[in-house]
Amino acid sequence: MNKKITAQIGLLFVTIIWGLTFIIVKEALDDAPPFTFATLRFLLATILTLLIVKKKIFTLAKQEIWGGIVCGFFLFLGYAFQNFGLMHTTATKSAFITSIAVLIVPILLVLLNIQKVQLRTWIAVLLATAGLYLLILPGGGISLGDIITFGCALSFALHIIAQDNFIKKEIRLLPFINVQLAFVTVVSLFHALMFEPDPIIWSERLFGAIIITGFLATFMAFLIMIWAQKILNPSETAIIFATEPVAAALFAMVFAGEVLGLWGWIGGGLVCLAVVYGESGEH
């Protein structure tokens, strides 16, 4: 198995884990406000990463610090918008809207004159977007939570592009990750102290959510994602991320009793087709 296939499988694993977190985070926000939850989630991930980085954190290069801050800023915005959005919309709609980053990435690449996107990629992105729409059929119009979550999609698209730019330079991956996670932790804590006076309900549900999101969906996911993005370009990464709402819909069906209708399954098939079509042109 070559590195590219391994990277693709790794990113698919990440999207499955992230698909699970939509339901978990939405429920956990009943026990902890958005910025507070983000603080706890990223604090755990920061500590775990620091245990690996150890003394390297004291010898950070300029690119590792600057890159970590820039990428951390977009990461903070993405999760802030997503958490607040989840308080006012469903987990499945949140997954769908977040995934339009798959469409925003190539558009931004063209606008910023970073990369010329091939026609095959554009077709794959359109297929994925159509599939995502059918997977999560809209109902009841656009809510406040939906609008907030659009900010999440834009922030994540910018994060993908910025991160791809920095990791292709001579930087050490783990210290770079640690700076990002620490930045999100500190900024989230500041906002929690400033704007969230409500007490935390230390429930088993909250503890479980912190462990799953902090360890699997942040620490492990970012280790895999940073490594994989050294091998795959931003457009490839974006298309693979399009499978995230498929995982979210399946978990919603299993754990929340949501039924995915015929159009939903057709949409999921289109997303998978988009991934296969987009990747086949690279060989």
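All of the numbers you see were taken from the coordinates with simple rules; none came from a lab. Source: prediction; values computed, not measured. Because the Cβ atoms are built from the backbone with ideal geometry, glycine has one as well, and the counts that use them run over all protein chains shown.
Descriptive notes on the structure:
- Taking trypsin sites (Lys or Arg not before Pro) across region 161-267, the ones in a DSSP loop with at most 15 further Cβ atoms lying within 10 angstrom of their Cβ are 168, 169, 172, 230.
- Computed from point charges on the beta carbon alone (+1 for Lys and Arg, -1 for Asp and Glu), the dipole magnitude for the chain about its Cα centre is near 1000 Debye.
- Correct choice for P(r) over Cα pairs in 10 Å bins from 0, in percent that was computed from the model, options (i) 7, 29, 37, 22, 5, 0; (ii) 6, 22, 24, 17, 10, 7, 5, 4, 2, 1, 0, 0; (iii) 6, 21, 25, 22, 16, 8, 2, 0: (i)
- Pairs exceeding a 19 Å alpha-carbon distance, out of 116/168; 54/230; 3/230; 55/230; 4/54; 4/62: 54/230; 55/230; 4/54; 4/62.
- Top positive-direction residue, dipole computed over the chain with Cβ charges, set 98, 273, 231: 231
- Taking the Kirkwood radius as Rh and the Cα radius of gyration as Rg, region 25-89 has a ratio of Rg/Rh equal to 1.08.
- Spatial separation of Cα centroids for region 1-37 and region 90-133, in angstrom: 19 Å
- Förster-model FRET efficiency, 22 Å R0, residue 273 and residue 220, C-beta, rounded to 0.05: 0.20
- Here the label points at residue 107 and residue 203, each 7 Å from Cα along the C-beta direction, are separated by 3.7 nm in the simple model.
- Within region 133-239, GluC sites (Glu not before Pro) in DSSP loop having at most 16 other beta-carbon neighbours inside 10 Å: 170
- Given R0 = 25 Å, the distance between the Cβ atoms of residue 263 and residue 126 translates into a calculated FRET efficiency of 0.90.
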